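Have a look at the structure below before the remarks.
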Amino acid sequence: MGHTLAEKILMRNTGAENVQPGDIVITRPDKVAFLDIYFPFVYKQFKEMGFKKLADPDRVLIIEDHEIPTSLREDPWSLTFSHKFAEEFGVKNHLVGKGIGHQLMAEMRFAKPGSVIYVTDSHTTTYGAVGSFATGIGYTEMAAVLGTGKMWVRVPAAIKIQIDGALPKGVYSKDIILQVLGDLTASGGTYKSLEFCGTTVDSLSVDARLTMSNMAVECGGKVGLFAPDAKTCEYSSVEQESVAWLQFDDDARYERGLHYDAATLVPNLSCPQYVDNVHPVSEKEGLEVNQIFLGSCTNGRLEDLAVAAQILEGHHVPARVKFIVTPASVAIYRQAVKLGYIQTLVRAGAIVTQPFCSLCQGRGSGLLSDGEVVLGSHNRNFLGRMGSAKSLIFLGSPATVAASALRGKITDPREVLE
């Protein structure tokens, strides 16, 4: 009997000869990271548990991305604990102001194919795009794994999601994952390993796969995994032979499967106020928007900025539309400037921020008022997440976001890409 991708990674990490869904295994994570909104809690919990040192400082990262720049009264106090922890316990990987942690983990090659990673944030599933068993944990679990170097996990059952064929023009990986989430519903993947394959998947860039793994958690997924290929290995700087073991087995045990013909997919929207409330963009066309947000750990990467710049080149968004752009990392920001994408977006009326979690977390500039409508490329549209609970949050691809910014109303990107 074969094994799922999740099972293979956990077997290799733990040395188990065989595992099956429901088994409890003790992993030794390759990397763990905690983010700024949890600094005080991790620090205090670590102390209260009686730990005097880290099990392995070289495997630990501290990342500041939510509270940079500070926006709430206690943010400066919270940030002091990152430096206290790093200095007291010898953490060398302390990333400050370099971008969103989930982008940095993949971009800076901390996440690699076959690795096991835990981070204090639900969107840790992002690194499954490069073949990492990566999932979010709470601050108490983080304190424990920092001190012991070990973490238990229940082996998840898996859902195989196969997409085949060429994507139509105007349809992107964000549209694929929104379709999947709409079909599975918000609880349909709870504690499952979502494993993506098919000829469409093979054609996607690593950036596009990161978008899909990022949102695997929105249906409750424990991880969202892609088998590493040549693109993955180039992105993560590993030899393909070293990860040849991490491929799909024809006889692996999957709880269920979903199969999509890419030719039938269309631009999608996640509509207020649940991520799984998914409809084709065409059903909501014409609704006026007050604000557009392009960014986040879901869709703030270079190819996202590129498609937006392509659509907005030579145009300007309506004066009444607030258009906020947040690159996912400093490296992406610099490259986007070098290629002229940022200049194009600024000329189109964009307010470009420094790389951080930005409006997605409802902390930075751009909060919404009663009755305002926002369309963003991020991952959640929960009630009140971006300001007033009486605002309406739609989610779409960067192309849908840019096309809607251009016209000041929800617009099918295929109309402007023709």
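Some observations on this one:
- Cα centroid of the stretch 160-219 to Cα centroid of the stretch 272-289, whole Å: 19
- In a simple Cβ point-charge model (Lys, Arg +1; Asp, Glu -1; nothing else charged), the stretch 266-339 has a dipole of about 360 debye relative to its Cα centre.
- Spatial separation of Cα centroids for the stretch 86-136 and the stretch 314-342, in angstrom: 25
- The GluC sites (Glu not before Pro) of the stretch 222-254 that meet both conditions, a loop assignment by DSSP and at most 11 other Cβ atoms within 10 Å of the site Cβ, are GLU239.
- DSSP beta bridges in the chain [antiparallel fraction, %, rounded to 5]: 20
- Rounded to the nearest 500, the helix-only mean residue ellipticity at 222 nm of the chain stands at -8500 deg cm²/dmol, with each DSSP H run of n ≥ 4 adding -39,500 (n - 2.57).
- Of (1) 31.5, 102; (2) 21.1, 68; (3) 20.7, 63, the label for Rg and Dmax of the Cα atoms in Å derived from the coordinates: (3)
- Residues whose amide H comes within less than 5 Å of that of LEU258, counting only those at least five positions distant or on another chain, are LYS160, ILE161, GLN162 (H built at 1.01 Å from N in the peptide plane).
- Dipole size of the stretch 1-123 about its Cα centre, with +1 on Lys/Arg Cβ and -1 on Asp/Glu Cβ: approximately 340 debye, rounded to the nearest 20.
- Environment charge of PHE81, counting only residues whose C-beta is closer than 13 Å and scoring Lys/Arg +1, Asp/Glu -1: -4
- Relative intensity, log₁₀ I(q)/I(0), of the stretch 108-230 from a Debye sum that treats every alpha carbon as a point, q = 0.12, 0.15 Å⁻¹: -0.42, -0.65
- Comparing GLU218, GLU17, GLU88 in a Gaussian network model of the chain where C-alpha atoms under 10 Å apart are linked, the largest mean-square fluctuation is found at GLU17.
- Two-decimal log10 I(q)/I(0) for the stretch 161-229, as the Debye equation yields it once each C-alpha is a single scatterer, q = 0.15, 0.19 Å⁻¹: -0.42, -0.68
- Candidate cross-link partners of LYS52 among the lysines, defined by an alpha-carbon separation under 23 Å and a same-chain spacing of 8 or more, comprise LYS31, LYS44, LYS84, LYS92, LYS150.
- For the chain, relative contact order (Cα pairs under 8 Å, six or more residues apart, normalised by length) works out to 17 percent.
- Dimensions of the stretch 268-417 based on its C-alpha atoms, expressed as ranges along the principal axes with the largest first, amount to 39, 33, 27 Å.
- For the stretch 113-122, putting each phi into the Karplus relation 6.51 cos²θ - 1.76 cosθ + 1.60 with θ = phi - 60° gives couplings of x, x, 7, 10, 9, 10, 9, 7, 6, 5 Hz, in residue order, rounded to whole numbers and with x for Gly and Pro.
- Gaussian network model of the chain, springs between alpha carbon atoms under 10 Å - residue of LEU339, LEU79, LEU225 with greatest fluctuation: LEU339
- Loop trypsin sites (Lys or Arg not before Pro), the stretch 160-246, which have at most 12 other Cβ atoms in a 10 Å radius of their Cβ (DSSP): LYS169
- With neighbour counts taken as other beta-carbon atoms within 10 Å, the residues CYS197, CYS219, CYS297 rank, fewest first, as CYS197, CYS219, CYS297.
- Compared with the alpha-carbon gap, the fully stretched path from ALA319 to GLN273 is longer by 13.9 nm at 0.36 nm per residue.
- Residues HIS123, HIS3, HIS102, HIS315, sorted so that the one with the fewest Cβ neighbours within 10 Å comes first: HIS315, HIS3, HIS123, HIS102
- Given charges at beta-carbon only (K, R positive; D, E negative), |dipole| of the chain in Debye: 1000
- Extended-chain gain in nm, criterion 0.36 nm per residue less alpha-carbon gap, GLN240 and ALA55: 63.6 nm
Read-outs throughout are calculated quantities, based only on the coordinates presented, and are distinct from any laboratory measurement. Small disclaimer: the values here were computed from a predicted structure and weren't measured. Ideal geometry is used to build each Cβ from the backbone, glycine not excepted, and the neighbour counts take in all protein chains shown.
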